[in-house]
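This report refers to the structure that appears directly beneath it.
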Amino acid sequence: MKNYTFMNLRLLSIPFLIAILFLPLFSFGQRSAAEYFEEGNTKARASDFAGALQAYSVVISINADHAPSFFNRGLAKANLKDHRGAILDYDRAIEINPKEALYYQSRGVSKSMQEDYRAAIQDYTRGIELNPDDSKSYYNRGVSYAKLDNHRSAMADLDKALVLDPSDVAAYYARGNCKQHLHEYAGSLSDFSKVIEMSPKRAGAYAGRGSAKIELNDFQGAAADFTRAIELSPNEAAYYDKRGFAKNKIEDYKGAISDYDKTLQLEPENYQAYYGRGFSKNKLNDQKGAILDLTKAIELKNTYVADPKKIQYAGPINKTILDELRNQVKEHVKIDDLTTERAEAYFIRGISKSKSGDSRGALLDISTAVELNPTYADAYFSRGLIKSSIGDQMGAVLDFSSSIKLKTNFPEAFYLRGIIKHSLGEVNEGCLDLSKSGELGYMPSYKVISTYCN
């Protein structure tokens, strides 16, 4: 039985792989592993990646050595933007079957999405060794080289990709960018013109060609290209900024001011736009306006004039966001048999005190419950919630870790430990916790992963 795997990553595309399912047809809830595998494929093709993930997990629980299920589950996680979790699944698929080129290429994509370009290059290289005629592997490796500013190696790979597939618009586009970094502006202009010929509604190609024309002193042509880019993508601040620069060069100062006004409307802290507008105002003899704009250009986001003591650094998950994410978690407090030590009563009374705003009293009661019953996973979990709410994030992490140790399939505990670790700067560890939470079925994890882990 042949089953098609899937891939829908937009940055670095990967072709389909035909996977044959070799599994003993054990019954699992009166359904076979093959049926769960096919269900996963069906859900994946319908873009139900969360559902696909769960189906592949069932197959893995039946046969822990089935490489296609680990690979497909990795693809599902990647499409949910959980690239750390995807890499773990690709690792296992490669461990089981180290001869499949697509496994390496897919792992390379997820590593690239995590900006681990050196490791991605190693994977793409291994993929090329196993399948030397795959243009996408050369393209992907070229993009990774470019991200590391190794533009010569990037160019060599992109050249090879275009030999293998002359219709690859993305490769022309990437090579055009590389040529600009190498100051090969005429070649860059040629590549972007080829992109425009093949895909005439790609705004970035007009912008890239416009930038090449600026370097070649064709400011009129550059302004025309940025005009076309703006028509296709009217909310891109950089296009107005660049067109303003070109207009300044051809002494259209009023037109330049109009473009810089639009730039600052879209991007109020663009200090380069203040500089360009200040220059235009100076040329139009509006010296008061020029001074105001140029002062902004000097002071805005300038670490050379700021007082370092006033600079505050905060991660993407700051206290406000952490509080919001944590407060969305619902506790599933259930009634348990009351033991002789009455730990359960202390626990529920602690929950009641917490809901009444008495955090101190709640901590005392729940801590008593933990002392009376050191294996009380739910009590550690609730105490972690309270500690986090009053700012004791390290204490909260310890409590969530205790609850996970006692109840290994506790998705909310992984979720909360993940967002707290992320807020404390342990981004990779936090995102791995979020990945595990999602794998265990807590779907809000993937929204956080999408926003803060990529």
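The values are calculated or read from the model by the stated rules, or taken from the named source; none is laboratory data. What you see is a predicted model, and the numbers here were worked out from it, not measured in a lab. Virtual Cβ from ideal backbone geometry, glycine too; neighbours counted across all protein chains shown.
On the stretch given as region 212-236, residues that are aliphatic (A, V, I, L, M), crowded, with 17+ Cβ neighbours inside 10 Å and in contact with a Leu (Cβ under 8 Å, 6 or more places away or on another chain) total 1. Of the helices (runs of 4 or more DSSP H) lying entirely inside region 322-411, those containing at least 2 residues that are aromatic (Phe, Trp, Tyr), buried (at least 19 other Cβ atoms within 10 Å of the Cβ) and in contact with a Ser or Thr (Cβ under 8 Å, 6 or more places away or on another chain) are 343-355, 377-389. Of the residues making up region 160-207, those that are among the polar types (S, T, N, Q) and over 27 Å from the mean Cα position of the chain (by Cα) are 167, 188, 190, 193.
Taken over region 390-417, residues that are of a type in the set (Lys, Arg) and within 25 Å of the chain's Cα centre (by Cα) amount to 1.
Is it true that some residue in region 370-388 is more than 18 Å from residue 442 (Cα to Cα), over 36 Å from the mean Cα position of the chain (by Cα), at pLDDT below 90 and of a type in the set (S, T, N, Q)? No - not one qualifying residue is present in region 370-388. Scanning region 54-75 for residues that are more than 12 Å from residue 110 (Cβ to Cβ) and either of a type in the set (A, V, I, L, M, F, W, C) or in the same structural domain as residue 422 (by TED's automatic domain parsing) (or both) returns 55, 58, 59, 60, 62, 64, 67, 70. For beta carbons closer than 7 Å, sequence separation of 6+ or different chains, a first residue in region 108-126 that is closer than 17 Å to residue 97 by Cα and a second that is among the acidic types (Asp, Glu), the qualifying pairs are 108/123.
Among residues of region 425-454 that are of a type in the set (D, E, K, R), those with a Cβ under 6 angstrom from a residue that is surrounded by 16 or more Cβ atoms within 10 Å (Cβ to Cβ), sequence gap 6+ or separate chain, pair up as 429/421; 433/414; 433/417; 433/418; 436/414.
Hey, among 209, 152, 141, which residue is part of a helix (DSSP H, G or I) and surrounded by fewer than 20 Cβ atoms within 10 Å (Cβ to Cβ)?
After ruling out the rest, the residue left standing is 152.
Would you list the helices (runs of 4 or more DSSP H) that sit entirely within region 216-311 and hold 2 or more residues that are modelled with pLDDT of 95 or more? Give the derivation first.
On the way: elements: 219-232, 237-249, 253-266, 271-283, 287-299.
Fully inside region 216-311 and qualifying: 219-232, 237-249, 253-266.
Given 145, 139, 206, which one is within 28 Å of residue 223 (Cα to Cα) and either assigned by TED's automatic domain parsing to the domain that holds residue 104 or at pLDDT 95 or above (or both)? Lay out the reasoning, then the answer.
Values: 145 fails: within 28 Å of residue 223 (Cα to Cα); 139 fails: within 28 Å of residue 223 (Cα to Cα).
Testing whether each residue is within 28 Å of residue 223 (Cα to Cα) and either assigned by TED's automatic domain parsing to the domain that holds residue 104 or at pLDDT 95 or above (or both) leaves just 206.
Of the residues contained in region 26-39, none is found to be aliphatic (A, V, I, L, M), touching an Asp or Glu at 6+ places or on another chain (Cβ under 8 Å) and either part of a helix (DSSP H, G or I) or within 21 Å of residue 450 (Cα to Cα) (or both). Taking residue 201, is it buried (at least 23 other Cβ atoms within 10 Å of the Cβ) and either in contact (Cβ under 8 Å) with a residue 12 or more places away in the chain or at positive phi (or both)? In short, no. Evaluated against (1) surrounded by fewer than 24 Cβ atoms within 10 Å (Cβ to Cβ); (2) modelled with pLDDT of 95 or more; (3) under 25 Å from residue 57 (Cβ atoms), residue 89 falls short on exactly one condition, (1).
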